[in-house]
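In what follows, a structure is listed as structure tokens, so that the remarks can point back to it.
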Amino acid sequence: MINRTLAGDFLRRWEEMCNMDNGKLWGINLHTPFAFIGGDRSVAANQADNEGLLSKHGDVYVGQFPADKAFSATALTFGGKRWGVAPWGMVDKMDGPPYGLMFHEAFHCIQPRLMGEMCSGAYSGHLDSTEASILILLEISALMHFLRSNDKPALIAALSARNKRERDFGRVVNEVLEGTAVFTEIKLGYAPEEHLEELDKKVASAGKSPHLAHFAGYLLGGLHCFAIDAVDEDARRSIKADADLGAILTKALDKGIPNFDDVDFEPYGHSQIMEEQNQKAADHEEMLRQIREKFIEKPTLSIPFAGSGSINGQIIPVDGLGAVLRGNYEFFCEAGKIAVGGGDVLKSQEDLRKLSAACMVEDGNKITGKNWELTLAQGYAIVADGINFVVAKGENV
């Protein structure tokens with residue numbers, strides 16, 4: 001449940017921070033409609049909506065988030081307005097105030113107006129290979145070295161690693177979309193002396209993940225924005241939806257970028273990065289083996305999917321199966337609502353959602369399994385299909 005007094009304090013202080021910047025960073029004040037949403041779907045917002053869902057209660061506007069919509073930390077539309085959204089569960093887990101998160105999601109609200117329409121939810125799975133991960137981490141390491149020391153050779157090394165990675169593996173799809181939001185989050189949400197510390201935390205968190213490609217756009221985009229800001233502040237203000245941040249930085253630097261093989265990357269941890277990524281690749285293969293066993297050799301429940309959902313966790317591509325969504329997941333479709341807490345959902349290539357049925361228990365329209373719960377819509381039921389189960393409707397029930 002949302003602490004309304006605390007939410008009001010956060011919203012009031014965040015408005016002050018927005019007004020202190022007042023467009024200096026991006027040319028527009030970031031004080032957008034903003035809402036905290038609790039696990040019980042309660043809302044505490046900084047203004048009224050356009051459809052009467054929220055009403056004034058002290059310093060905040062309160063009400064219930066629509067039951068048929070999924071929410072996460074993002075920018076989304078409800079009640080006839082576009083809002084920056086922060087789940088209260090995330091705020092509760094933070095060590096300090098959520099101003100960085102608030103700036104991140106508020107920035108997503110104004111991005112289309114500021115930079116043009118972007119491809120949202122884009123996924124950089126083509127960068128999942130060990131070789132691509134090594135190049136990403138070298139680029140990150142060299143950029144961090146530059147931001148700490150203002151050492152231009154480190155910036156040149158970062159761009160050299162970037163050029164090789166883009167030539168061999170392709171671009172990071174969501175680098176501008178998420179990178180500019182990360183830059184805004186840290187630049188405005190934290191004191192200047194905290195910027196490097198916050199970047200270090202994000203880099204460390206991504207480095208431990210078995211799925212670096214998911215974080216590549218956030219990290220590389222954010223770091224390149226900080227580097228562009230340090231080299232040429234005016235160049236940062238020119239970023240648009242289709243921008244190539246590496247090209248902007250190269251132009252601002254006004255220096256030639258050598259080939260990857262002509263740069264010494266050892267000062268940026270090349271040997272250690274290679275060793276760690278090779279071990280991670282071995283661990284990843286073992287994880288994929290367990291996933292295949294779970295969704296091929298053991299009973300599963302398949303749900304026809306055409307709807308909307310959200311995930312707070314990992315997306316793990318699995319050749320021949322689709323992608324596993326690992327973490328906290330919620331979706332709504334014609335067959336009903338499914339909520340997953342710290343488990344796996346397989347998004348199959350046949351546009352089904354599959355769950356492990358090993359511990360499945362039916363109780364009317366409520367079906368539960370290990371880490372998941374399904375609420376079936378009227379007219380749907382569970383049907384056996386060999387060792388597996390499917391959700392079926394009408395004459396198929």
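The values are calculated or read from the model by the stated rules, or taken from the named source; none is laboratory data. Since the model is a prediction, treat every value here as computed from it, not as a measurement. As a convention, Cβ positions derive from the backbone with ideal geometry for all residues, glycine included, and neighbour counts pool all protein chains shown. Heavy atoms of the whole protein, side chains included, go into the accessibility calculation; ligands, DNA and RNA do not. Shrake-Rupley method; radii C 1.70, N 1.55, O 1.52, S 1.80 Å.
For LEU6 and THR130, compute 0.36 nm times the residue count separating them, minus their Cα-Cα distance, and round to one decimal in nm. Display every interim value, and only then the final one.
On the way: separation 124, 0.36 × 124 = 44.64 nm, distance 4.40 nm.
Between LEU6 and THR130, full extension yields 40.2 nm more.
Can you list which of the trypsin sites (Lys or Arg not before Pro) found in the stretch 62-132 are DSSP loop residues with at most 14 other C-beta atoms within 10 Å? Intermediate values should be presented prior to the final figure.
On the way: sites: LYS69, LYS81, ARG82, LYS93, ARG113; in loops: LYS69.
Those that pass, being in a loop and sparsely packed, are LYS69.
Could you put MET1, MET115, MET20 in order of accessible surface area, largest first, with the 1.4 Å probe and the full protein assembly present? Mind dumping the intermediate values first?
Working: MET1 180, MET115 10, MET20 125 Å².
Putting MET1, MET115, MET20 in descending order of accessible area: MET1, MET20, MET115.
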Quiz prompt | Separation of the ASP95 and GLU15 label points, Cα + 7 Å toward Cβ, nm | solution = 3.0
Quiz item: What size of dipole, in debye to the nearest 20, comes out for the chain about its Cα centre when the only charges are +1 on Lys and Arg C-beta atoms and -1 on Asp and Glu C-beta atoms?
Solution: 800
Self-check item: Eligible lysines near LYS201 by straight Cα distance, threshold 19 Å, same-chain separation 8 or greater
Solution: LYS93, LYS187
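Work out the P(r) tail for the stretch 285-378: percent of alpha carbon pairs separated by more than 23 Å, whole number. Walk me through the intermediate numbers first.
On the way: 693 of 4371 pairs.
I get 16 percent for the Cα pairs in the stretch 285-378 exceeding 23 Å.
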Quiz item: Excluding same-chain residues fewer than 8 positions from LYS255, which lysines have a Cα within less than 16 Å of its Cα?
Solution: LYS152
Practice problem: With 10 Å bins from zero, work out the P(r) of the chain over every alpha carbon pair and list the percent per bin. | Solution: 5, 21, 27, 25, 16, 6, 1
Practice problem: Can you find, among PHE103, LEU245, LEU138, the residue farthest towards the positive end of the dipole of the chain? Put +1 on the C-beta of Lys and Arg, -1 on that of Asp and Glu. | Solution: PHE103
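Leaving out ligands and nucleic acids, note down the accessible area per residue over the stretch 245-330 with a 1.4 angstrom probe, in whole Å². Walk me through the numbers before you get to the answer.
Values: 4720 Å² over 86 residues.
Each residue of the stretch 245-330 exposes 55 Å² on average to a 1.4 Å probe.
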Exercise. Could you list the trypsin sites (Lys or Arg not before Pro) in the stretch 207-284 that lie in coil according to DSSP, counting only those with at most 14 other Cβ atoms within 10 Å of their Cβ?
Key: ARG237, LYS240, LYS255
Quiz item: Which of the aspartates and glutamates could a cross-linker span from LYS280 if the Cα-Cα distance has to be under 16 Å and same-chain partners fewer than 8 positions apart are dropped?
Solution: ASP128, GLU131
Exercise. Roll a 1.4 Å probe over the protein chains and send me the accessible area per residue for the stretch 80-170 in Å².
Key: 39
Exercise. Scan the chain and note any complete DSSP helix (H) whose C-alpha atoms cover at least 15 Å along its axis and whose Kyte-Doolittle average is -0.5 or more.
Key: 99-115, 130-149, 175-189, 213-231
Self-check item: Accessible surface of the chain, 1.4 Å probe, proportion on carbon and sulfur as whole %
Solution: 48
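Check each of the trypsin sites (Lys or Arg not before Pro) in the stretch 309-387 and keep only those in coil by DSSP with at most 16 other C-beta atoms within 10 angstrom; list them in order.
Numbers: sites: ARG326, LYS337, LYS347, ARG353, LYS354, LYS366, LYS370; in loops: LYS370.
Here the trypsin sites (Lys or Arg not before Pro) that fit, given the DSSP loop and packing criteria, are LYS370.
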Practice problem: Enter the Cα centre distance for the pair the stretch 170-244 and the stretch 61-117, rounded to the nearest angstrom. | Solution: 19
Self-check item: Distance in nm between pseudo-label sites at ILE387 and GLU334 (7 Å out along the Cβ direction from Cα)
Solution: 3.1
Quiz item: Longest exposed-loop-site-free stretch of the chain, with GluC sites (Glu not before Pro), DSSP loop and at most 15 other Cβ within 10 Å?
Solution: 118-333
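Quick one: dipole size for the stretch 1-116, taken about the Cα centre, charges +1 on Lys/Arg Cβ and -1 on Asp/Glu Cβ, in debye to the nearest 20.
Working: 11 positive and 12 negative charges, 40 e Å.
Its charge dipole is roughly 200 debye.
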Quiz item: What are the radius of gyration and Dmax of the stretch 341-397, computed over its Cα atoms and given in Å?
Solution: 11.4, 34
